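*Asks:* This is the structure, below, for whatever I ask next.
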Amino acid sequence: MRAAFMLGYDEKLKNPKKYQVNGFYINFMKNHTVDTKREIFQEQERYVKTYADAKGISFIEAQHQIMTYNIVNALSLGKWSDRWVSIPIPSMGEPEKMACHLNDLGVYSDSELGWMFLKASLHSVDRYFMQIRRMIHYLERPIKSATSAGNMWNGYNAYNPEMVVKLIEIFRVYYNFCKRGDDGKTPAERIELSRGKNDVEDILYYHPNSKYFRKQLYV
């Protein structure tokens, strides 16, 4: 993962102040029960609130100050001198979250790193995977059979794995260019790859003479 990230964004990583490309490893306790996650969430929330009240600052500024302190005091570990840092954001979805900055080249201040670490999350990735599993039957989670000693099976399993690859590619295009988020924009719009929301027909009938073609729709 580290090598793929460094290679894929090589040119932009050479100019970090201009492009602001940053990669993080994320680690959290995913297998906790809901009750345990709730306890951890409440404990983290109390800790940040207590700190904010003591300093007379806002909740988010308290998180930033704690985050910056954690970064400054993080220890370097392993072959690559990774610095895993605890992130003080109360979250039911990512309890006990920690992050490791993959391309810390010394160009950011501790305060700048603090704000970046607070944004590090797998929430968007997990949400994307969840929608793939719910919207593509081939990829739904397997269930246990009551008559096969607990063996797992998938009632919609694909006979040909190539079909799964094709369906994921179709979904990827739909998700990035057609599906709007809470902000009313598609992922392609957010990174200025598209100038507006596309209908499925815009993708299927992409031709200048088609009634679905929109002039200068794509950058």
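*Asks:* Confirm whether I40 is surrounded by 14 or more Cβ atoms within 10 Å (Cβ to Cβ) and under 27 Å from V107 (Cα atoms).
*Replies:* no
*Asks:* Something else now. Can you tell me which of R127, R180 is modelled with pLDDT of 85 or more, part of a helix (DSSP H, G or I) and within 30 Å of I60 (Cβ to Cβ)? Outline the logic, then answer.
*Replies:* Working: R180 fails: part of a helix (DSSP H, G or I).
It is R127.
*Asks:* If you don't mind, there's one more thing I want to ask. Within the stretch 175-198, count every residue that is of a type outside the set (A, V, I, L, M, F, W, C), touching a residue at least 24 places away in the same chain (Cβ under 8 Å) and buried (at least 16 other Cβ atoms within 10 Å of the Cβ).
*Replies:* Filtering the stretch 175-198 for residues of a type outside the set (A, V, I, L, M, F, W, C) gives 175-176, 179-187, 189-190, 192, 194-198.
Add one more test, that the residue is touching a residue at least 24 places away in the same chain (Cβ under 8 Å), and what stays is 175, 192, 194-195.
Within this subset, residues satisfying the condition of being buried (at least 16 other Cβ atoms within 10 Å of the Cβ) are 175, 194.
The qualifying residues number 2.
*Asks:* So, in the stretch 151-167, how many residues would count as being surrounded by 14 or more Cβ atoms within 10 Å (Cβ to Cβ) and either at pLDDT 80 or above or β-branched (V, I, T) (or both)?
*Replies:* Here the count works out to 2.
*Asks:* Restricting attention to the stretch 199-219, which residues are modelled with pLDDT of 70 or more and either surrounded by fewer than 10 Cβ atoms within 10 Å (Cβ to Cβ) or closer than 20 Å to I136 by Cβ (or both)?
*Replies:* V200, I203, L204
*Asks:* Still on this structure, I have one more. Could you list all residues from the stretch 1-33 that are more than 21 Å from the chain's Cα centre (by Cα) and either free of Cβ contacts under 8 Å to residues at least 12 places away in the same chain or surrounded by 13 or more Cβ atoms within 10 Å (Cβ to Cβ) (or both)? Step through it out loud before you land on a result.
*Replies:* Here is the first cut: in the stretch 1-33, the ones more than 21 Å from the chain's Cα centre (by Cα) are 11, 14-15, 17-18, 33.
E11, K14, N15, K18, T33 - these are the residues of the stretch 1-33 that are more than 21 Å from the chain's Cα centre (by Cα) and either free of Cβ contacts under 8 Å to residues at least 12 places away in the same chain or surrounded by 13 or more Cβ atoms within 10 Å (Cβ to Cβ) (or both).
The values are calculated or read from the model by the stated rules, or taken from the named source; none is laboratory data. Keep in mind that what you see is a predicted model, and the values were worked out from it rather than measured. We place every Cβ from the backbone using ideal geometry, glycine too, and count neighbours over all the protein chains shown.
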